[in-house]
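Report on one structure; see the data block that follows.
The values are calculated or read from the model by the stated rules, or taken from the named source; none is laboratory data. Keep in mind it's a predicted model, so treat the numbers as computed, not measured. Quick reminder, even Gly has a Cβ in these numbers, built from the backbone with ideal geometry, and neighbours come from all protein chains shown.
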Amino acid sequence: MADFEGKVVIVTGGAKGIGRAISLAFAREGANVLCADMDAQAGQQIERDSAGLAGTVAFQRADVARANDCQALVNTCVDRWSGLDVIVNNAGIQPASSYLPAHELPEEDWDRILDVNLKSTFLTAKYGVPQMKQRGGGAIVNIASVQGLQSAKAVSAYAASKGGLLNLTRQLALEYAADGIRVNAVNPGTIETELAIAGSGGLEALREGAARTHPLGRAGQPEEIANAVLFLASEKASFITGEYLCVDGGLMAKGAWQE
Ligand SMILES: NC(=O)c1ccc[n+]([C@@H]2O[C@H](COP(=O)([O-])OP(=O)(O)OC[C@H]3O[C@@H](n4cnc5c(N)ncnc54)[C@H](O)[C@@H]3O)[C@@H](O)[C@H]2O)c1
């Protein structure tokens, strides 16, 4: 695995679920990680849990839908560690209350989902890219979803946000390739986290559903997403940009006619 010794990494939504696994994986590889999350309790917990790793995890409370909070994250990286090398845009929401046909979804819910899941990546790039340019390059990894490629009923805002995130990934890749900044995405299948458990109606239902639908016969673990993120952020992926990697137990390989 890559060596991130001394690299400076922002992980949004980094205190729980997939983001927590990503934050800890970078710290194990020697990185200084700024874990940005709205949940201060989970943020303090990950700071404690990262003690003794090769690198560090520092928590900063942030709502990544807000420009000021994103600017503050980048400022912290510059003040504490003199720059920024990697941004992982992982924060995402899919409230159980938003599982509605489009005409019944409250406009505020649409706006919030789009702001957290999509606009946040524009904001972290807006403030973070100038710092990456000063370092001579960097990497951005966006956690999108298989739902950015194919969808289901009653998830209009989430599906639009993830499809948009895949296109924003390509856009940013083109804009900053000449600056040595690579931009890629990871599309998780069903991963055992709070978000997915809430959406499935409990852990048992999630596991049963994932076993039935995912060709590998199970749900994924957050660490399996972290492995892909570290690869894409590393020098081992030095000729990969504007691309997505599905980490989905084979879900996107399966045609609807298989059943
Ligand atoms: N779990 C899955 O099955 C799955 C599948 C596909 C894609 N994803 C994507 O993976 C990412 C992580 O999801 P997860 O399953 O770990 O979710 P999670 O709910 O377990 O964790 C999300 C984290 O983001 C934080 N967060 C939420 N809104 C935020 C905001 N505005 N600013 C900062 N932090 C915020 C939460 O506090 C939490 O710590 C999301 O983008 C999600 O859409 C998850």
> Any residue at all in the stretch 211-222 that is in contact (Cβ under 8 Å) with a residue 60 or more places away in the chain and of a type in the set (Lys, Arg)?
Replying inline: no
>> Against the condition farther than 27 Å from Ala256 by Cα, in contact (Cβ under 8 Å) with a residue 24 or more places away in the chain and part of a helix (DSSP H, G or I), how does Val129 come out, does it pass?
In response: yes
> Pick from Ala31, Ala91, Ala25: which is within 21 Å of Ser145 (Cβ to Cβ) and either of a type outside the set (A, V, I, L, M) or more than 10 Å from the ligand (Cβ to nearest atom) (or both)?
Replying inline: Ala25
> What about Gly92, is it at pLDDT 95 or above, under 14 Å from the mean Cα position of the chain (by Cα) and surrounded by 14 or more Cβ atoms within 10 Å (Cβ to Cβ)?
Replying inline: yes
> From Arg112, Arg61, which residue is near the ligand (Cβ under 10 Å from one of its atoms) and farther than 24 Å from Thr169 by Cα?
Replying inline: Arg61
>> Going residue by residue through the stretch 205-216, is there one that turns out to be among the β-branched types (Val, Ile, Thr) and over 27 Å from Phe4 (Cβ atoms)?
In response: yes
> Between a first residue in the stretch 235-257 that is more than 22 Å from Glu223 (Cβ to Cβ) and a second residue that is surrounded by 15 or more Cβ atoms within 10 Å (Cβ to Cβ) and among the small types (Gly, Ala, Ser), which pairs have beta carbons less than 7 Å apart while being 6 or more apart in sequence or on different chains?
Replying inline: Thr241/Ala173; Gly242/Ala173
>> Step by step: first the residues of the stretch 37-58, then only those that are of a type in the set (A, V, I, L, M), within 23 Å of Arg112 (Cα to Cα) and touching a strand residue (DSSP E or B) at 6+ places or on another chain (Cβ under 8 Å), then the one that is farthest from the ligand (Cβ to nearest atom). Which residue is that?
In response: Ala40
> Would the stretch 50-72 turn up any residue that is in contact with a Phe, Trp or Tyr (Cβ under 7 Å, 6 or more places away or on another chain) and within 18 Å of Ile140 (Cβ to Cβ)?
Replying inline: yes
> Of Lys153, Lys162, Lys119, which residue is under 23 Å from Ser97 (Cα atoms), outside any helix (DSSP H, G or I) and either among the basic types (Lys, Arg) or within 13 Å of the ligand (Cβ to nearest atom) (or both)?
Replying inline: Lys153
> Do we find a residue being buried (at least 21 other Cβ atoms within 10 Å of the Cβ) and more than 10 Å from the ligand (Cβ to nearest atom) anywhere in the stretch 186-207?
Replying inline: no
